[in-house]
Amino acid sequence: MIRPQDVSYHTPQDVQYDWAETNFFSFHVPEANLTGWVYLIARTGLGSMVCDIEVMDRIGRITLETVYFDFQQHLPLPEKLENFSLLNGLSLKTENEPRDYVLDYQGTDDTFFKLKFTGLMDPFDIHDPSMDPLASVDPNQSGFGSAYANHFDMTVHTTGKVRIRGKDYDIDCVTTMDHSWGPRNERGMNPMGWINGNFGIDFAFQTIWKLDQFKQGWDQFELAHGYVLIDGKVKGLTKGRMQAVRQGPFPAGYETVLTDLEGREYIFTGTTVNQTPWACYSNIMAINSTVKWFHDGRPGYGLAQENWPLDRLTGKGLA
């Protein structure tokens, strides 16, 4: 169970250099094919914070194709995780903990974000069997190893305004945020997928997958955790399968079949509409994609993040 105080630091007394607390927030503007995000990594053992802010609007293969990029790896660690301002112009404050977050960012090149993320549900604790039928005390079953030793996902209603290089956009969408804490060494990270679809405040899904890049088709993904959100009710998933259509390592689309704890089956098909290789850690190539999903003819949007750890996958014939 996630408690209000879990928006704050969880620093162990004997904190090691690779301990991490992470938060991820995003927004979509479908009519402009625009996706932006803020990713935070607090390294309390080192006294530093990573803040990655990016915006994309096309299917890209190199980072130069992103619309906006502000990635800083060694910002001073703020005193509080629940209320802080960074030297790069980003501020974050929690409200109605642990469900709501207010984010402001004053960037460069006439760019700013003023966003509120309002939880549409209680945070989904992947290690709480009362919420997640696939919960396990073994972090190796988390999909991301010890990096997800503690982790929650939450579908949120994202509202506000952004300006990207002088162009203004109103934000009113449904996205998924997450928060993790635990040991997160940059060597030996697990391949995995973090994939969601959001059709409105009444319907969304979120999934975490184990990923084996050496397999093909339906064998490539194995469901680790997930839920569907229907009219405010969260239904944990008991099984799922997924396959990606690829252009090299880059997913061009997905097909997934999910089953909730009541035995109801959901079929989703999706096409990638924007994408970038994402070096959120120097030792990996994450592939961050916006996917336009369809379920029974209804369209929705979500993010698909695939983790390709370079130390584990280079030199083995994948490219």
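Here are the numbers for this structure:
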{"quantity": "The listed residue being under 19 Å from A286 (Cβ atoms), out of contact with any strand residue (DSSP E or B) (no Cβ under 7 Å at 6 or more places or on another chain) and surrounded by fewer than 20 Cβ atoms within 10 Å (Cβ to Cβ), out of Q213, Q247", "calculated": "Q247"}
{"quantity": "Elements of type strands (runs of 3 or more DSSP E) in region 205-319, at least 3 residues being more than 19 Å from F144 (Cβ to Cβ) and more than 19 Å from the chain's Cα centre (by Cα)", "calculated": "233-247, 250-260, 265-278"}
{"quantity": "Failed item in (1) on the phi > 0 side of the Ramachandran plot; (2) loosely packed, with under 15 Cβ neighbours inside 10 Å, with R3 passing the rest", "calculated": "(1)"}
{"quantity": "All positions within region 51-69 that are without any contact (Cβ under 8 Å) to a residue 40 or more places away in the chain and under 15 Å from F25 (Cβ atoms)", "calculated": "C51"}
{"quantity": "Filter result for the condition that a residue is of a type in the set (G, A, S) and either touching a Lys or Arg at 6+ places or on another chain (Cβ under 6 Å) or modelled with pLDDT under 95 (or both), over G200, G193, G143", "calculated": "G143"}
{"quantity": "Filtered residues of region 44-58 (kept if of a type outside the set (V, I, T) and either surrounded by fewer than 21 Cβ atoms within 10 Å (Cβ to Cβ) or farther than 25 Å from P12 by Cβ (or both))", "calculated": "G45, L46, G47, S48, D52, E54, M56, D57, R58"}
{"quantity": "Long-range neighbours under 6 Å by Cβ, at least six apart or interchain, first residue without any contact (Cβ under 8 Å) to a residue 60 or more places away in the chain within region 187-212, second part of a loop (DSSP other than H, G, I, E, B)", "calculated": "D202/D231; D212/Q220"}
{"quantity": "Selection from region 57-88 of residues that are under 30 Å from D6 (Cβ atoms) and either part of a strand (DSSP E or B) or touching a Cys at 6+ places or on another chain (Cβ under 8 Å) (or both)", "calculated": "D70, F71, Q72, Q73, H74, L75, P76, N83, F84, S85, L86, N88"}
{"quantity": "So D100, is it touching a residue at least 12 places away in the same chain (Cβ under 8 Å), surrounded by fewer than 20 Cβ atoms within 10 Å (Cβ to Cβ), more than 30 Å from Q16 (Cα to Cα) and of a type in the set (D, E)", "calculated": "no"}
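The values are calculated or read from the model by the stated rules, or taken from the named source; none is laboratory data. Predicted model only: the values in this text are computed from it and were never measured. With ideal geometry, Cβ positions are generated from the backbone for all residues, glycine too; neighbour counts draw on all protein chains shown.
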